[in-house]
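Report on the following structure.
The values are calculated or read from the model by the stated rules, or taken from the named source; none is laboratory data. Every value quoted in this text rests on a predicted model; they were computed, and no experiment measured them. A quick note on method: Cβ atoms are made from the backbone with ideal geometry, for glycine too, and the neighbour counts reach across all protein chains shown. Just the protein is used for accessible areas: all its heavy atoms, side chains included, with ligands, DNA and RNA removed. Shrake-Rupley method; radii C 1.70, N 1.55, O 1.52, S 1.80 Å.
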Amino acid sequence: MPAYAYRIVNVFTQAQAALSGNPLCVFERAQTLDATRMQALALQFNLSETTFILPSERASARVRIFTPGYEMAFAGHPTLGTAHVCRALGLGGDRITLEMTAGVITVRAVGDRWTLQSNAPTWREVSEPRLMVAAMLGLEEGDIIERPLWVNAGTEQLIVPLASESAVRRVRVRGDLLEQFRSVAGRSMVYVFAPMGAALLARFFFPKGNAVLEDPATGSATANLGGWCLAMNRTLPCEFDISQGEYVGRPAALRLRVDGERQVQVSGDVIELGRGSINL
């Protein structure tokens, strides 16, 4: 019976605290696993994502990303966490390239702080009226100060700018309305943010069954926030420290930079928490 080694890492940790950030399971060598077993293992661990490292002829490694329910083309914290494991496995140094369904993503490290450069983002308008977006969030229309947009830097998500830190804290997503907002892939995901002093406070919501869950730290949505900044013609370069995860007991710290060449970069610290193996 073959044993499959895995590592548990935490990504976007706050001051590298052991139980902060977003957890990720990374299977080290998955070339003998098919998609059905990968999906079953992701459900077994029941983390927001589980990744599987495969050989690649185009990059340091090929990576497949699974939530407990489906495969993803790209996600931020799995990208950084998997790069961290790839370096530990000797598949590269402080520069790692990962082949994903969304394309080849380059990830660089300074120590245990990793930075990914996303694909060039695209965006489109939200067809629903702003009043309906606010109702879905449990807010008033005036709590939304600028244009919500669908943005795609690898995974399309609804990005909603709010007027205040207080509005972000007051969000209570209505699942019956959230399911009416669907990406091109048919997924319902919403990211809200607002200034919090010199930084930003952000929250990310998605459905699971009949419930609405909140993610501790969402790198793909942070990249999409960079796309939103481009769509809104923000002065470049622009940089933000972002706090997320407060309401799920997993404080997280993310960094967004959109440089003068319109490239979107997302950074965060990664720590390894443990290792194990599964017999199948």
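Condition first: aromatic (Phe, Trp, Tyr), open to solvent by 40 Å² or more (accessible area, probe 1.4 Å) and touching a strand residue (DSSP E or B) at 6+ places or on another chain (Cβ under 6 Å). Can you find one or more residues in the range 173-193 that meet it?
No, because not a single residue in the range 173-193 is aromatic (Phe, Trp, Tyr), open to solvent by 40 Å² or more (accessible area, probe 1.4 Å) and touching a strand residue (DSSP E or B) at 6+ places or on another chain (Cβ under 6 Å).
Can you tell me how many residues within the range 98-133 are over 24 Å from Leu158 (Cα atoms), open to solvent by 20 Å² or more (accessible area, probe 1.4 Å) and without any contact (Cβ under 8 Å) to a residue 40 or more places away in the chain?
4
What do you reckon, is Ser166 under 17 Å from the mean Cα position of the chain (by Cα) and open to solvent by less than 70 Å² (accessible area, probe 1.4 Å)?
Against the criterion (under 17 Å from the mean Cα position of the chain (by Cα) and open to solvent by less than 70 Å² (accessible area, probe 1.4 Å)), Ser166 does not qualify.
Quick one: which residue in Thr155, Thr222 is in contact (Cβ under 8 Å) with a residue 24 or more places away in the chain and closer than 24 Å to Leu19 by Cα?
After ruling out the rest, the residue left standing is Thr222.
Just name the residue that is nearest to Val9 (Cα to Cα) out of those in the range 248-276 that are open to solvent by less than 20 Å² (accessible area, probe 1.4 Å) and touching a residue at least 60 places away in the same chain (Cβ under 8 Å).
My answer is Val270.
Could you grab me the full set of residues in the range 231-245 that are open to solvent by 10 Å² or more (accessible area, probe 1.4 Å) and either of a type in the set (A, V, I, L, M) or in contact (Cβ under 8 Å) with a residue 24 or more places away in the chain (or both)?
Listed by number, the residues that qualify are Ala231, Met232, Arg234, Leu236, Phe240, Asp241, Ser243.
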